[in-house]
1. Can you name the residue in the range 159-169 that is part of a strand (DSSP E or B) and away from ligand 3 (no atom under 16 Å from the Cβ) and, of all such residues, is nearest to K340 (Cα to Cα)?
2. Quick one: which of L172, L96 is within 21 Å of D291 (Cβ to Cβ) and either within 13 Å of ligand 1 (Cβ to nearest atom) or assigned to a loop (DSSP other than H, G, I, E, B) (or both)?
3. Give the range 199-227 a look and list any residue that's buried (at least 17 other Cβ atoms within 10 Å of the Cβ) and either more than 16 Å from ligand 1 (Cβ to nearest atom) or β-branched (V, I, T) (or both), or say none.
4. In the list R64, R26, which residue meets the criterion of being within 30 Å of H235 (Cβ to Cβ) and either open to solvent by 70 Å² or more (accessible area, probe 1.4 Å) or assigned to a helix (DSSP H, G or I) (or both)?
5. Given the residues R324, R281, which is the only one that is more than 16 Å from ligand 3 (Cβ to nearest atom), part of a helix (DSSP H, G or I) and touching a Pro at 6+ places or on another chain (Cβ under 6 Å)?
6. I'm told I84 meets every condition in (1) open to solvent by less than 100 Å² (accessible area, probe 1.4 Å); (2) in a helix (DSSP H, G or I) except one. Can you identify the failing condition by its number?
7. If the Cβ limit is 6 Å and pairs must be 6+ apart or interchain, which residue in the range 285-301 that is at negative phi and open to solvent by less than 50 Å² (accessible area, probe 1.4 Å) pairs with which residue that is within 13 Å of ligand 2 (Cβ to nearest atom) and hydroxyl-bearing (S, T, Y)?
8. Can you pull out every residue in the range 37-57 that is more than 21 Å from K18 (Cβ to Cβ) and either open to solvent by 60 Å² or more (accessible area, probe 1.4 Å) or not assigned by TED's automatic domain parsing to the domain that holds E25 (or both)?
Amino acid sequence: MDYIKELNDTLGYSVGDKLIKASGERLKGFIEANTFIARLSGDMFLVLHYGIDTKASINKFAERLIHCFQDPVKINDCEIYTSISIGISLFPQNGLTADDLIKHANSALLSIKDTYRNCYKLFETSISEKFKSLLTMENQLRKAIIGGQFELYYQPQVDFTSSRIIGVEALLRWRHPEKGYISPRDFISIAEKTGIIIDIGEWVLHEACRQNKKWQDEGLTPIVVSVNLSAVQLHQKGFVGKIKKILNETNLDAKYLELEITESMAMKNEQSILDILQELRSEGILVAIDDFGTGYSSLKSLSLFPITKLKIDKMFMNKQDENRLIVKSIIQLSHSLNMKVIAEGVETKEQFTFLQQEKCDEMQGYFFSRPVPAYQLKEMLLNDN
Ligand code: C2E
Ligand code: MG
Ligand code: MG
């Protein structure tokens, strides 16, 4: 069933439960000769059907199942529209055992679940290959956590007037035993899909806070450490409690921790996200919107959400006239909403001068420094002090 998680989040679990029950009833109504229906888990149903073999008849069968969910379900006087996605495997082509058939139907489902809703997909071997490499990657990521293969690099964030380092962004690096350094762009999305991002994210938070406190203990002027969050982490139960625990364990004052979330995470206008952000803010933790300008922001949410900083995406740094206008406007917007603003991806003196003229509070980019290991950052801080 599609969107059960979203429905649970917005309408509550009891409505979600009723919806799953009602959907089971609908499927029951579908039972005909040669069909067997069972609920596998949560919002997942299994339909076993004998005696169809042509592609056309398989498609027709799936379309009829999807059609069952066309009308809304009535729950507590409320009409709720729901939909399903179907993964299909065939006996004997895609497996001889129930286990294999279910596994392959499931991978067909997973291959469409992210992008499409209300649709079906027949298993293909290429899916199996993709799924397998996903599983291998997941295993390797698990090993990476245990085996200490993750490292944090830190990229300075400088003040626009003094050019002093006032913060750093913690950026994750994976030192793979065979493949060398792997960029977060190549593994974060897989880590999100498999859920292992929760463990990785916790390690990142702990390590960033620990390191920041260590610099303070070494007598350096305190700076803010910025940590990137994934949506999965923010939606996790007890997230704020976890952060508080980490701050406690590492003894870092909350005002030296900033969390970076993306526009799409923040602007969903969900009450639950607003609550979490408010809780973080009431602890004193700073909240920044990363890659600002690349997603969709509602001005209403921007003014409503307790955000402390906008990070202008690096795509606006090239010097086309329209980009300059956009950068100018974002700086003004941030200031009128009482937020700080930082430009990412500053690479040239020219960009630096322009941002300085426009009074962009902070800057980050190769012009100042690439992300560096902790010991190198310490040297920079020492030179700065
Ligand atoms: P991001 O948060 O927008 O981070 C900025 C990226 O821009 C970094 O790439 C940084 O190395 C790069 N960058 C910095 N200055 C410049 C510049 O002047 N020019 C150019 N062209 N690039 C610059 P990186 O380290 O490869 O990270 C990529 C993305 O991976 C990050 O984008 C962030 O979304 C994600 N990421 C990194 N670490 C973590 C983490 O611990 N957790 C999560 N969930 N995501 C992370
Ligand atoms: Mg970031
Ligand atoms: Mg960014």
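1. Out of the qualifying residues, it is D159.
2. L172
3. I200, V204, K213, W215, L220, I223, V224, V225, V227 - these are the residues of the range 199-227 that are buried (at least 17 other Cβ atoms within 10 Å of the Cβ) and either more than 16 Å from ligand 1 (Cβ to nearest atom) or β-branched (V, I, T) (or both).
4. Of the residues listed, the single one that is within 30 Å of H235 (Cβ to Cβ) and either open to solvent by 70 Å² or more (accessible area, probe 1.4 Å) or assigned to a helix (DSSP H, G or I) (or both) is R26.
5. Exactly one of R324, R281 is more than 16 Å from ligand 3 (Cβ to nearest atom), part of a helix (DSSP H, G or I) and touching a Pro at 6+ places or on another chain (Cβ under 6 Å), namely R281.
6. (2)
7. Between residues of the range 285-301 that are at negative phi and open to solvent by less than 50 Å² (accessible area, probe 1.4 Å) and residues that are within 13 Å of ligand 2 (Cβ to nearest atom) and hydroxyl-bearing (S, T, Y), the close pairs are D290/T262.
8. Matches in the range 37-57: L48, Y50, G51, D53, T54, K55, A56.
The values are calculated or read from the model by the stated rules, or taken from the named source; none is laboratory data. Everything numeric in this text was worked out from a predicted model, so none of it was measured. Because the Cβ atoms are built from the backbone with ideal geometry, glycine has one as well, and the counts that use them run over all protein chains shown. The area values use the complete protein model at the heavy-atom level, side chains included, leaving out ligands, DNA and RNA. Shrake-Rupley method; radii C 1.70, N 1.55, O 1.52, S 1.80 Å.
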